[in-house]
Amino acid sequence: MSVEQEVQEANESFYQAFNRGDLDLMKSIWAQYNSVTCIHPGWKVIRGFDGIIESWENIFVGSENLEIKLSDIKVIGAGKMIWVSCQENLFAMSMSGVQVSKVHATNLFEKVGDQWKMVLHHASSVPQISRQDQISAN
């Protein structure tokens, strides 16, 4: 298996943990350093394994009707540090129907022993383009 495939699998495991609300899987994905960093859209920067896992636990409690599907996935880098750039397409079920939002994420992985571990997750909301803006752009 190529390095790119290994990192892509690690990235897929991260999103499986999110979609399943699986805290144990999420813990296994992250490197257990004080320097690991997580930036959720609209949140303050979280540093350190314990704080990051606590943030995911809180997200899992409040996101039972949320699913992420990825698009525009790019695996970049070489050596012991590789990052994945991707668009997170979030689907949330509510009383008014399915709500869709888009977030762009950069996930940095470091080779630790024989595994790729996440050392950074940075997600930022992507501005929604209005129908009028789409028409004007064409």
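The values are calculated or read from the model by the stated rules, or taken from the named source; none is laboratory data. Keep in mind that this is a model prediction, so the values were computed, not measured. For neighbour counting, all protein chains shown are included, and Cβ atoms are generated from backbone atoms with ideal geometry for every residue, glycine included. Heads up: the accessible areas ignore ligands, DNA and RNA and are worked out on the full protein's heavy atoms, side chains in. Shrake-Rupley method; radii C 1.70, N 1.55, O 1.52, S 1.80 Å.
Axis of helix 3-20 versus longest Cα principal axis of the chain: the two differ by about 60°, to the nearest ten degrees. The apolar share of the surface of segment 73-123, taken as the fraction of accessible area on carbon and sulfur atoms (1.4 Å probe, ligands and nucleic acids excluded), comes to 61 percent. Can you tell me how segment 34-105 classifies by the Cα gyration tensor, rounded, prolate or oblate, using a/c under 1.5 as the rounded cut? Verdict is oblate for segment 34-105. Compute the Kirkwood hydrodynamic radius of the chain, taking the inverse of the mean of 1/r over all pairs of distinct Cα atoms, and give it in Å to one decimal. 15.9 Å is the Kirkwood radius here.
Annotation for SER125 and VAL45: the two label points, set 7 Å from Cα along the Cα-Cβ direction, are 2.1 nm apart. Reported to the nearest whole Å, the Cα centre-to-centre distance from segment 95-118 to segment 51-70 is 11.
Return the FRET efficiency for the residue pair MET93, GLN5: r is the Cβ-Cβ distance, R0 is 30 Å, and the value is rounded to the nearest 0.05. E between MET93 and GLN5, to the nearest 0.05, is 0.40. Spin-label model, VAL112 to LYS69: label points 7 Å out along the Cα-to-beta-carbon direction sit 3.2 nm apart.
Here the Karplus curve 6.51 cos²θ - 1.76 cosθ + 1.60, taken at θ = phi - 60°, turns the phi angles of segment 110-124 into couplings of 10, 6, 10, x, 10, 10, 8, 10, 6, 10, 8, 10, 10, 10, 10 Hz, with x standing for Gly and Pro. Highest-first packing order for the peptide set 7-14, 31-38, 65-72 is 7-14, 31-38, 65-72, based on the mean count of other beta carbon atoms within 10 Å.
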